[in-house]
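Student: Please read through the structure below; I'll follow up with questions.
The values are calculated or read from the model by the stated rules, or taken from the named source; none is laboratory data. This one's a predicted model, so the numbers in the text were calculated from it and none came from an experiment. Don't worry about glycine lacking a Cβ; one is built from the backbone with ideal geometry, like all the others, and counts go over all protein chains shown.
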Amino acid sequence: MSTLSRKYMYIIASLLIIILILGGALAYYVLTPVSTPKKPIVIRFWHAYNPVEAEKVAKLVEEFMKENPDIKVEMEAIPYGALHDKLITAMAAGTAPDVVRMDIIWVPEFASIGALLELDEFIERDNIDLNNFFPGPLETCKWNGHYYGLPLDTNTRVLFYRKDLFAEAGIDHPPRTWQELLEFAKKLTKDKDGDGKIDQYGLAIGGAWPWHFFPFLWQNGGDFLDEDMKKCIINNTEGVEALQFLVDLIHKYKVAEYGTDVWRGFALGRYAMMIMGPWGKPLVASVDKEVAEEKTGVALLFKGKYAASIVGGEDIVIFRQSKHPEAAWKFVKFLISERFQLEMFEVGQIPVLRSLVPKLSTDPYYKVFMEQLETARARTPHPKFAQMKEIIHREVEAALLGLKTPKEALDAIAAEVNKILGS
């Protein structure tokens, strides 16, 4: 074979090899799927946080998403007054959010209509320690034997008292019993200018809602509904005695006054005592900062037959319509974590975890609220409680104003509520 022929054959062979290599590469790129970044799961979170709280939550949620790049949380702030109805509308349209920060009294209502996801299996699977939650807040999450949410933030009512007015009256400690409450209120009620009118009352009674009346009801051993929640028992002897005690403070002994915005009167010295939540001190400070910082004391509520206060706050729930329950649950666990709870405490949200009590007890103001939560109870977790509370307010107020006797008022509540219950 000539040298020229061998040269051509070499060139042809080389070209064939190049073609095979290029063809193989082309086939690889054509036949091999190109991997694209996976889109994160989107969960929608509705809440009614105020602007300061919402700003804090947004920062924490950003941290959550950085740690969980497969989940994107879309937050939507909705005014509290509009949230309930908007949730109903969204459910009807099939567009309910995944996760909602919900008023504690709404949970049974939404659970009873099948709107919320049962969390029992998640709780058991991930070993969530329910005993680490304060019992009152946890009670608000349960309906018909199942948990439909977990506590997110809470509050309760304690006694606020004017240390300076107590000192003037020679009283060296806040009242610890109903008897002491009456005794001290008598000493603290005064006509300061001698015109025959009371200028300073021992106690302010700031409302007639369950939030205001139920602690007295429970302290006396009474209750609103029976254990099966099938009958209203508020008009039992214990209930009548509790309301009579409040009425007597106002009308018989004239050592208490019924009204609204009692924090203002407390700041101005009209009231020596009031019962209030943790927002009480900032409200007093808005009128008189010195009174709030130097002259205001807080203490556990006095006892009747028992120690009791009442729970407020919000729970965190997952809606049954959620297409991503696992991602939603992961977000819920973040919201109930010590880390999130401690961060939100900085903007006034009281944590729901008992494990945080030692860390928060260094603040003498919040320490009292944390201690009170051990004996604070939830307003009755019934789907129709929102309707019932209006009846309670109307009738208890009639008694406090002297328009009905306590027995008449509580009998009227029982009659109406039993119709709602079908009793």
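Student: One residue is enough: does segment 394-406 have a residue meeting the conditions outside the structural domain of A48 (by TED's automatic domain parsing) and touching a strand residue (DSSP E or B) at 6+ places or on another chain (Cβ under 6 Å)?
Tutor: yes
Student: Considering only segment 54-73, I want to know if a residue exists there that is surrounded by 12 or more Cβ atoms within 10 Å (Cβ to Cβ), at pLDDT 90 or above and of a type in the set (S, T, N, Q).
Tutor: So far as segment 54-73 goes, yes, one or more of its residues are surrounded by 12 or more Cβ atoms within 10 Å (Cβ to Cβ), at pLDDT 90 or above and of a type in the set (S, T, N, Q).
To keep it simple, each residue is scored yes or no on (1) within 19 Å of the chain's Cα centre (by Cα); (2) buried (at least 19 other Cβ atoms within 10 Å of the Cβ).
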site	(1), (2)
Y271	no, yes
W279	yes, no
D288	no, no
A299	no, no
I310	yes, yes
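Student: Checking H393 against (1) farther than 27 Å from R176 by Cα; (2) assigned to a helix (DSSP H, G or I); (3) touching a residue at least 40 places away in the same chain (Cβ under 8 Å), which test does it fail?
Tutor: (1)
Student: Go through segment 102-130 and give me each residue that's more than 27 Å from A82 (Cβ to Cβ), touching a residue at least 40 places away in the same chain (Cβ under 8 Å) and assigned to a helix (DSSP H, G or I).
Tutor: The one that is more than 27 Å from A82 (Cβ to Cβ), touching a residue at least 40 places away in the same chain (Cβ under 8 Å) and assigned to a helix (DSSP H, G or I): F122.
Student: Have a look at F166, F224 and point out the one that is out of contact with any Gly (no Cβ under 7 Å at 6 or more places or on another chain), closer than 17 Å to A308 by Cβ and in the same structural domain as G265 (by TED's automatic domain parsing).
Tutor: From the options F166, F224, the qualifying one is F224.
Student: Can you work out which of the residues in segment 76-101 that are assigned to a strand (DSSP E or B) and buried (at least 16 other Cβ atoms within 10 Å of the Cβ) is nearest to the chain's Cα centre (by Cα)?
Tutor: The selected residue is R101.
Student: Here's something else I'd like to know. Taking segment 342-363, which residues are touching a residue at least 24 places away in the same chain (Cβ under 8 Å) and either surrounded by fewer than 22 Cβ atoms within 10 Å (Cβ to Cβ) or assigned by TED's automatic domain parsing to the domain that holds F213 (or both)?
Tutor: Scanning segment 342-363 gives E343, M344, E346, V347, G348, L353, R354, S355.
Student: Are any residues in segment 245-260 in contact (Cβ under 8 Å) with a residue 60 or more places away in the chain, surrounded by fewer than 19 Cβ atoms within 10 Å (Cβ to Cβ) and over 21 Å from D411 (Cα atoms), and if so, which ones?
Tutor: Across segment 245-260, the qualifying residues are Y253, K254.
Student: I've got another one for you. For segment 224-233, indicate whether the set of residues that are assigned to a loop (DSSP other than H, G, I, E, B), among the aliphatic types (A, V, I, L, M), within 30 Å of I105 (Cα to Cα) and in contact with a strand residue (DSSP E or B) (Cβ under 8 Å, 6 or more places away or on another chain) is non-empty.
Tutor: yes
Student: A further question on this structure: Restricting to segment 322-337, and then to whatever is under 16 Å from the mean Cα position of the chain (by Cα) and not polar (S, T, N, Q), can you tell me which residue is farthest from P97 (Cα to Cα)?
Tutor: Only one residue tops the list, namely I336.
Here's the yes/no breakdown for (1) at pLDDT 95 or above; (2) surrounded by 15 or more Cβ atoms within 10 Å (Cβ to Cβ):
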| residue | (1), (2) |
| --- | --- |
| A167 | yes, no |
| G170 | yes, no |
| L181 | yes, yes |
| L188 | yes, yes |
| W209 | yes, yes |
| F224 | yes, yes |
| E227 | no, no |
| I234 | yes, yes |
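Student: Then there's this: Can you tell me which residue among A267, A242 is assigned to a helix (DSSP H, G or I) and free of Cβ contacts under 8 Å to residues at least 40 places away in the same chain?
Tutor: A267
Student: Now, a different point. Could you check segment 50-71 and list, in sequence order, the residues that are in contact with a Lys or Arg (Cβ under 7 Å, 6 or more places away or on another chain) and within 17 Å of V100 (Cα to Cα)?
Tutor: I71 - this is the single residue of segment 50-71 that is in contact with a Lys or Arg (Cβ under 7 Å, 6 or more places away or on another chain) and within 17 Å of V100 (Cα to Cα).
Student: Also, I was wondering about something else. Under 22 Å from G277 (Cβ atoms), surrounded by fewer than 17 Cβ atoms within 10 Å (Cβ to Cβ) and touching a residue at least 24 places away in the same chain (Cβ under 8 Å), is that true of R162?
Tutor: No.
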